[in-house]
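For reference, the structure discussed in these notes is given below.
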Amino acid sequence: MKIKLLISSFFALFLMQIQAQTEITYSIPQWRLGIEAGVNPFFGSISFFQPNIRDSRAYFIDNDSDYYGGIMSWGGKVCPSFSFGLKPEYLIKKRLTLAAGIRFNFFTATLYSDRDFFLWKLSETETSAHYAKVKNISQKNYYLEIPLEVKLFPREKDYAVRQYFVFGAAFNFLVASQKEVQFLNPKMEKYRSNVLDQIGKPNLFQGSFYAGAGLKFGKLNHPCGNIEIHFPVVMYGNGKKETFAKTVNAPGIRIQTILQIPMSKKHILTYTVID
């Protein structure tokens with residue numbers, strides 16, 4: 001009786017081992033479309049180079065100052081930009097993908113004083129100078145961005161929650177820039193064009209390199225969501241994203257959310273099922 005039980009147990013374990021080595025081929029998409037949105041704050045020192053301001057105690061803040069802690073002095077200021085776009089992704093191997101697309105990103109920068117106004121120099125001669133009392137000057141910049149990314153999955157199997165690493169580069173092209181000035185006294189409105197003409201233009205091109213990690217929620221053969229954190233994001237060029245300030249030695253961080261939708265399917269992945 002004991003021998004029969006031992007033999008039965010042996011065959012049961014053998015069958016279980018065969019089952020554990022069964023290979024299953026998954027039907028997954030080789031092309032996926034990513035719909036993404038993100039925020040990209042930048043950190044580091046800010047070099048002030050606006051010679052028309054007489055008041056040296058001016059401050060640099062962004063349009064979402066309540067979220068980022070209100071008015072801050074020059075240096076170490078967060079300059080956020082927001083983006084959304086489309087990014088098709090191609091599955092090269094079981095754990096490797098390649099993606100490229102297009103993003104639209106924008107932000108608003110505003111120059112304030114620590115008091116009700118600052119003095120903006122309109123003109124100057126050898127004997128005199130003329131100033132206008134300005135409450136604030138703002139600039140909105142819009143960039144068209146082309147990202148190129150490689151994504152690497154440490155695990156081969158497509159789990160419902162799957163971590164990955166991402167490495168990429170982005171190329172930004174300025175498509176539009178808007179400037180606005182608000183005077184303390186309405187009588188100063190006649191100098192609006194003078195002030196706006198004295199404000200320079202931001203760079204027409206700017207690029208970045210970045211690395212990061214992410215989590216995928218859902219199976220690849222269904223729509224799934226992704227959240228990524230890119231750090232560091234390193235800008236190259238002179239770092240001049242707008243006219244009022246220039247970031248210096250400023251690595252950034254990007255928080256990206258992506259909805260990926262299957263575009264095609266192909267039987268390309270085979271896994272060993274281990275129970």
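The values are calculated or read from the model by the stated rules, or taken from the named source; none is laboratory data. Since this is a predicted model, take the numbers as computed values, not measurements. Don't worry about glycine lacking a Cβ; one is built from the backbone with ideal geometry, like all the others, and counts go over all protein chains shown.
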**Complete:** Of the conditions (1) in a strand (DSSP E or B); (2) of a type in the set (Lys, Arg); (3) more than 28 Å from the chain's Cα centre (by Cα), the single one that residue 140 does not satisfy is (3)
**Message:** If I ask for residues that are without any contact (Cβ under 8 Å) to a residue 40 or more places away in the chain and either assigned to a helix (DSSP H, G or I) or touching a helix residue (DSSP H, G or I) at 6+ places or on another chain (Cβ under 7 Å) (or both), which ones from the range 182-233 would you list?
**Reply:** 186, 187, 189, 190, 192, 193, 196, 197
**Request:** Enumerate the pairs (first residue in the range 244-267 and under 30 Å from residue 196 (Cα atoms) and modelled with pLDDT of 90 or more; second residue anywhere and in a strand (DSSP E or B) and not acidic (Asp, Glu)) with beta-carbon separation below 9 Å, excluding pairs fewer than 6 apart on the same chain, so at least 6 apart or on different chains.
**Result:** none
**Asked** residue 98 passes all but one of (1) farther than 30 Å from residue 201 by Cα; (2) crowded, with 19+ Cβ neighbours inside 10 Å; which number fails?
**Response** (2)
**Asked** What residue, among those in the range 105-126 that are of a type in the set (Gly, Ala, Ser) and surrounded by 14 or more Cβ atoms within 10 Å (Cβ to Cβ), is farthest from residue 196 (Cα to Cα)?
**Response** 113
**Fill in**
Of the listed residues (225, 214, 207), the one being surrounded by 15 or more Cβ atoms within 10 Å (Cβ to Cβ), of a type outside the set (A, V, I, L, M), modelled with pLDDT of 85 or more and closer than 24 Å to residue 91 by Cα is 214
**Prompt:** Conditions: (1) under 17 Å from residue 230 (Cα atoms); (2) among the β-branched types (Val, Ile, Thr); (3) assigned to a loop (DSSP other than H, G, I, E, B). Residue 150 meets all but one. Number of the miss?
**Reply:** (3)
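Output the residues belonging to the range 124-155 that are among the aromatic types (Phe, Trp, Tyr) and closer than 16 Å to residue 166 by Cα.
Start the filter on the range 124-155 by keeping residues that are among the aromatic types (Phe, Trp, Tyr), which leaves 131, 142-143, 153.
153, the sole residue that qualifies.
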**Conditions (1) modelled with pLDDT under 90; (2) farther than 20 Å from residue 234 by Cβ; (3) under 27 Å from the mean Cα position of the chain (by Cα); number of the one not met by residue 176** = (1)
